[in-house]
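Asks: Below is the structure I would like to discuss, written out as structure tokens.
The values are calculated or read from the model by the stated rules, or taken from the named source; none is laboratory data. Because the structure is predicted, anything quoted here is derived from the model rather than measured. With ideal geometry, Cβ positions are generated from the backbone for all residues, glycine too; neighbour counts draw on all protein chains shown. To get the accessible areas, we keep the full protein, side chains included, count just its heavy atoms, and leave off ligands, DNA and RNA. Shrake-Rupley method; radii C 1.70, N 1.55, O 1.52, S 1.80 Å.
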Amino acid sequence: MICGLLSGPSYGHDSKIYHTAEIRGEPPVIDGKFDDPAWNLVEWHSGFVQREPRDGAEPSQQTAFKIVYDQDNIYLAIRAFEEDPSDIVSRLTRRDQVDGDIVGVQIDSYADKRTAFSFLVSAAGVKIDFFVSNNGQNEDFTWDPIWYVRTSVDESGWNAEMQIPLSQLRFSRNGNGNWGLQVVRYIHRHDELSLWKQIPKESSGWVHQFGELAGIFEIKPRRQMDISPYTVARTESFERITGNPYADGSAHGLNGGLDAKIGITNDLTLDVTVNPDFGQVEADPSVVNLTAFETFFEEKRPFFIEGRNIFRFALTPGGGDMAADNLFYSRRIGRNPQYRPATGPDEYLRMPGNTPILGALKLSGKTREGLSVGAMQTITARNYARISLEGEERHQVVEPLTSYSVARVQQDMNEGNTIVGLMLTSTVRDIDGPALQFLHNSAYSGGIDFTRYWNDRNWYLSSKLIFSHVRGEPEALLRTQTSAVRYYQRPDASHIRLDPDRTYLSGHGGTMEIGRIGGGNFSYGGFLHWKSPGLELNDIGFIRSTDETLQVLWAGYRILEPVSIFRTLQLNLNQYTGFDFGGNLLANGGNLNVNTQFTNHWSAGTGSSFQLERMSNHVLRGGPSMRIPGLRNSWISVSSDSRKKLRFSAMYINMNSFEGSGHQNTFRLTTTYLPVNALSVSVSPSFTANTQELQYVTQLGTGTGKRYILAGMDQKTAAMAIRVNYSITPELSLQYYGQPFISAGRYRDFKYVTDPAAANLENRFSLLSGSRVMYDENQNRYHFDENDDGIYDYQVANPDFNALFFNSNLVVRWEYMPGSVMFLVWSQGRDRYSSNGEFSFGGQVGELFDIHPHNVFMLKISYRLGR
């Protein structure tokens, strides 16, 4: 972390106050020189204190600043003194990329001691702006206000001159009083952070310990009004398939839309998008998912990530498999169609891509009284597939017209020490025809949360309660009950019941948490969490699994001041236990890890986690619970000095399941090189070798009952992410991302489950080997003779796989005037999937680039109309 008005108590126990003055004449010209008369209204203010590496020490270099204002803007001058100006590190990057020497200001104009608007700049003139919320716990770098800055270098050091329009801040009417203020400086070569108002490292918060900006009188809030129409021209090239009318080798399109940001009041901003296009967004990383659970992908679309903290309602704290569970997962909006029509002989199908978003509204802000508000309404279009048969075409709906709604409020009380919140969501679909009756007609969810801080915010108590309710046809509810999230069809689960006639389902969950997070080197806490079997959030949220309770205890010890060879040192320990609502033990383990930065600025970390033997409700995917061996997972990582032009990080992970049931080794390496200050090249290869003895294959109905087929599997995966960033100017940049990805898996040692809860592993299944298994090469299928009587009882398709992917994006971004942007984009995708389980890195890399690419070229231009 480089990281409203007060008429009562000050911010910190030893608050510092800066007195500004109003400009009555000409405002300063933003050129980085400080030679305008307006700057003579106030004196230079210094007194900075080091935070990193030595808390409270004198900075290695001095810093001073001035602040003046008029009825439209705040102006800031910062002098970053340097004994030798040649030591200044000036690196040209894209906006919001932190590199080189940096100065900036953070302003709590709400005066709520929880939020701050941050305006930073590097010595190269690159803007770094973000919105701080939750007293420093969240930093939203997607917030891109319109402001102006210039930097310069002279014999005394370097300078930054800023103009921040009041329309980009939020404050009460007739602003008379004090705002929260922090001024920061980062010296890259020393990895040193200094602050105007000291905030001790052991502090549990950030904004509430700011200094104060005094002397602003009679300013009036400015309502923001930015309207940005855009147009997009697109052309595609792909493989031509003879006879397929939808694969003629090319496609072209011209589209347009509008984005707007409108100040409803000075406290509340309305974001509007009509027919948005996100073609400039980076592609998702490639994965091969062999589990029953959905893959979670991060949101990258600008409309949905800007200001998203207000819409975040995580179900559990910390990391792990449950970290993604949330009431709102914006990737549901505009998703790929959920229905794919079956085609007959000689029919050709053209599936649409992402479902079009007709329009979206997002209202967000915070009032003087401490009420944070967030509301979003989105409508996605009815989406159709095209099917052609001998020149005749028909259309089949594959995604219904859908309304997504989210509302969130949080009220701060007791100077931000007490926070109470509420969130509600709804998804309503216009189901048109029987093909889409597997989807819910409607889905509702919500939650309330409460947080109380005390003892100078070093202790906290938090609680959350959530609910869900979905409705639909019996087909939809049967799909919900039997999904991997809950598996109501489990034959040994007496606490749940599968009802094929059900038309609605409700559920609940919650978390109770307490902990000590500041005031010393020790921190500790714990929480209790539960999710009832009927909880369903995946229409607009994300939930991996339900029917779970979890207890967690954690503790940490940190050394924040340099000691011996250590610059910082952190030790963490946790323990957890989990059950389902039927009393089955699902989790029983712990974790110990150590992370440090050395005084030479290298970093290292190591740790180990373990799980004892437990039951799994998911291994047999709707079958009975199965006893799973314990495991141990260990890792070690090392990173070189991140300030250097050539740097690297490496990580090794080893997982071993007990009783010989599996092992996995993963190697990751990232190397970054800056040949010049404006260019960075990063290469991140990775390799994973995974061997499992209890890999799920399928389940079959036989004359003697259901058979659950498992197998041993040997999988190898290699990938390499390549990134190139070239910043020609702070406004003009080129960015490239590419990832070749190869994964192959071969199955062996097939077995069927006999007694899934048996105490000994070998008694839980019977091996299908020798004369009991036969591979038919012509059909690419395995045939099994369970009784070894010469009669094959069942068969399965060969599960071996070989997945080849290559996704890349080349984006040229030019902000040709503030808020107006042109994108030139080239995206390419290559993919092939086969049942050849052999892994051959050298041969398959060549094969990957023999695949015919799907190329998309796009030009997008937006023009800002606003004030």
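Asks: Among 276, 843, 803, whose Cα lies farthest out toward the positive end of the dipole of the chain, if unit charges sit on the beta carbon of Lys, Arg (+1) and Asp, Glu (-1)?
Replies: Value: 276.
Asks: Taking all protein chains as present, what is the carbon and sulfur share of the accessible area of segment 317-444, in % to the nearest whole number, probe 1.4 Å?
Replies: Numbers: 2890 of 5580 Å².
Reported share for carbon and sulfur atoms: 52 percent.
Asks: What's the magnitude of the charge dipole for the chain around its Cα centre, counting Lys and Arg as +1 and Asp and Glu as -1 at the beta-carbon? Answer in Debye, nearest 20.
Replies: Numbers: 82 positive and 96 negative charges, 169 e Å.
Roughly 820 debye, rounded to the nearest 20.
Asks: Further question on the same structure: What does the accessible area per residue of segment 248-403 come to in Å², with a 1.4 Å probe and no ligands, DNA or RNA counted?
Replies: Working: 7030 Å² over 156 residues.
About 45 Å² of surface per residue is accessible.
Asks: Tell me the per residue accessible area of segment 647-722 using a 1.4 Å probe; a whole number in Å² is fine.
Replies: On the way: 3400 Å² over 76 residues.
Accessible surface, normalised per residue, equals 45 Å².
Asks: Ok, one more. Pulled fully out, how much extra length does the chain show between residue 137 and residue 295, if you take 0.36 nm times their separation in residues and subtract their Cα-Cα distance?
Replies: Working: separation 158, 0.36 × 158 = 56.88 nm, distance 2.61 nm.
That pair, residue 137 and residue 295, stretches by 54.3 nm at full extension.
Asks: What per residue convex hull volume, in Å³, do the alpha-carbon atoms of segment 436-558 yield? Show your work: numbers first, answer last.
Replies: Working: hull volume 14.0 nm³, N = 123.
Convex hull volume per residue, Cα atoms: 114 Å³.
Asks: What lysines does residue 300 reach when the alpha-carbon gap must be under 22 Å and sequence neighbours fewer than 8 apart in one chain are set aside?
Replies: 127, 261, 362, 860
Asks: For segment 206-360, what Kirkwood radius comes out of the mean inverse Cα-Cα distance, in Å?
Replies: Numbers: mean 1/r = 0.0486 Å⁻¹.
That comes to 20.6 Å for segment 206-360.
Asks: Which semi-axes, in whole Å and largest first, does the equivalent ellipsoid of the chain have when worked out from the alpha carbon gyration tensor as the square roots of 5 times its eigenvalues?
Replies: Working: eigenvalues 497, 203, 166 Å².
So the three semi-axes of the chain are 50, 32, 29 Å.
Asks: Just the Cα atoms of segment 627-762, one point each, no solvent: what log10 I(q)/I(0) does Debye give at q = 0.13, 0.20, 0.21, 0.22 Å⁻¹?
Replies: At q = 0.13, 0.20, 0.21, 0.22 Å⁻¹ the computed log10 ratios are -0.74, -1.17, -1.23, -1.28.
Asks: How large, in percent, is the carbon and sulfur part of the accessible surface of segment 115-181 at a probe radius of 1.4 Å?
Replies: Values: 760 of 1840 Å².
Within segment 115-181, the accessible surface is 41 percent carbon and sulfur.
Asks: How many percent of the accessible area of segment 642-683 is carbon or sulfur, using a 1.4 Å probe?
Replies: Working: 1440 of 2290 Å².
For segment 642-683, the apolar C and S fraction of the accessible surface comes to 63 percent.
Asks: Using the Kirkwood formula on the Cα atoms of segment 101-234, what hydrodynamic radius do you get, in angstrom to one decimal? Before the final figure, lay out the partial values.
Replies: Working: mean 1/r = 0.0611 Å⁻¹.
When all Cα pairs of segment 101-234 are included, the Kirkwood radius is 16.4 Å.
Asks: A further question follows. Mind checking which of 713, 767, 757 is farthest towards the positive end of segment 687-791's charge dipole, using Cβ charges of +1 (Lys, Arg) and -1 (Asp, Glu) about the Cα centre?
Replies: 713
Asks: Also, I was wondering about something else. Distance cut-off 28 Å, Cα to Cα: go down the list 66/645; 366/464; 366/531 and report the pairs above it.
Replies: Working: 66/645 33 Å; 366/464 22 Å; 366/531 31 Å.
Long pairs (Cα-Cα over 28 Å): 66/645; 366/531.
Asks: What whole-number value in Å² describes the accessible area per residue of segment 76-209 for a 1.4 Å probe? Mind showing how you got there, number by number?
Replies: On the way: 3500 Å² over 134 residues.
Solvent-accessible surface per residue comes out at 26 Å².
Asks: Between residue 413 and residue 492, with labels modelled 7 Å along Cα→Cβ, what's the label distance in nm to one decimal, could you check?
Replies: Placing both labels 7 Å beyond Cα along the Cβ direction yields 4.8 nm.
Asks: Assign unit charges at the C-beta atoms only (+1 for Lys and Arg, -1 for Asp and Glu), then state the dipole size of segment 374-453 relative to its Cα centre in Debye, rounded to the nearest 20. Before the final figure, lay out the partial values.
Replies: Details: 6 positive and 9 negative charges, 33 e Å.
Dipole about the Cα centre, nearest 20: 160 debye.
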